[in-house]
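First comes the structure, then the notes that go with it.
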Amino acid sequence: MLGLSEDVWSAVARISKKDQPPRAVQLIRAELVKVMALDDPNGLGYRIGDAVGVYAYFDYDDEPIYVGQTSSSFRDRVSRHLTGQRSDAVAKFILDPFEVASVSMWSLPHVAVAESIKKPGHIAGAAEKKALLNPYEYTVYKTLETQSKFHAILNEGVIQPTELVELPPVVHARIIPEGLWEDRKHSDVRIARRAATISRLSQMISEREVSGGMRRTLLLQARRLTWLAQQRIHEVGVELPDAEDATIGDE
């Protein structure tokens, strides 16, 4: 076993699962637990993590990057995306959890307790709840699409148009703790990460039969990378080639 003694492997096996991720991952998970414990403004006495509704992710520039809905709970769905559990959006390299700096959640208590039309007297099933959530998801999507500097969101699938509805009060919270914020927000780190995401996404597109939505996502990610790289150029004051660039080239 890679040259390690049985005693060493035994010691590794005794490390509890919660202590295995790196410190940064543990800190973000702890922050996410705090966020999910916030009060639900639309459900008196309840926590936002237990609610159902529509959610959105934002990057470090407060740019909306993904919109979704859940008929189970925010704690379940958001954690699935951001803590490494199974997620189609993450698996397809559409959503990079590293890019998510904050989350917004619009809770809809009436959906959670909605009565089934097909089975009167019973709570509505997932499909019926999805139908109830769709107008709210579309409204959030269109609202954030307008606010986006790119006028687009990274979602692969098309969110079916519906009538726009009035949104309830929202819970918006940062999931990156203060101690990690500056390192995670650093433009060079984000540029490298975003470029890697584009590479993986483009490789998947080249090897598989994919949806048009994935190709749109690739284009948007490229635009986001270009914008971020341009911002970084301005931040460091590199506008034209200078003597230092020539020296570096000679070396």
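Every read-out reported here was derived from the displayed coordinates using simple, explicitly stated rules and does not represent laboratory data. Keep in mind the model is a prediction, meaning the values are calculated, not measured. Methodologically, a virtual Cβ is constructed for each residue, glycine included, from the backbone with ideal geometry; neighbour enumeration extends over all protein chains shown.
In this rough spin-label picture, where each label sits 7 Å from Cα along the Cβ direction, the Arg215-Tyr46 distance is 4.2 nm. Computed packing ranks the peptides 221-231, 43-53 as 43-53, 221-231, most packed first, by mean other Cβ atoms within 10 Å.
Each of the peptides 161-167, 112-118 was scored by the mean count of other Cβ atoms within 10 Å over its residues; in descending order, highest first, they stand as 112-118, 161-167. Each of Lys185, Lys119 was scored by other Cβ atoms within 10 Å of its Cβ. Listed from fewest to most, they are Lys119, Lys185. Distance from the alpha carbon centroid of region 201-219 to that of region 146-161 works out to 17 angstrom.
Taking amide H positions as modeled 1.01 Å from N, with prolines and chain starts lacking one, the residues under 5 Å from Ser107 and 5 or more places away or on another chain are Val171. A simple charge model with +1 on the Cβ of Lys and Arg, -1 on the Cβ of Asp and Glu and nothing else charged puts the dipole of region 18-177 at about 560 debye relative to its Cα centre. Between Asp188 and Val113, the FRET efficiency estimated from the beta carbon spacing at R0 = 45 angstrom works out to 0.40.
Extents of region 18-177, taken as max minus min of Cα coordinates on every principal axis and listed largest first, are 49, 36, 28 Å.
In this structure the amide hydrogen of Asp59, modeled in the peptide plane, comes within under 5 Å of the amide hydrogens of Ile65, Ala101, none closer than 5 places in sequence on its chain. Once you have a ≥ b ≥ c as the square roots of the Cα gyration tensor eigenvalues for region 147-231, tell me rounded if a/c is under 1.5, and otherwise prolate or oblate according to whether a/b is larger than b/c. Oblate, since a/c reaches 1.5 and b/c is not below a/b.
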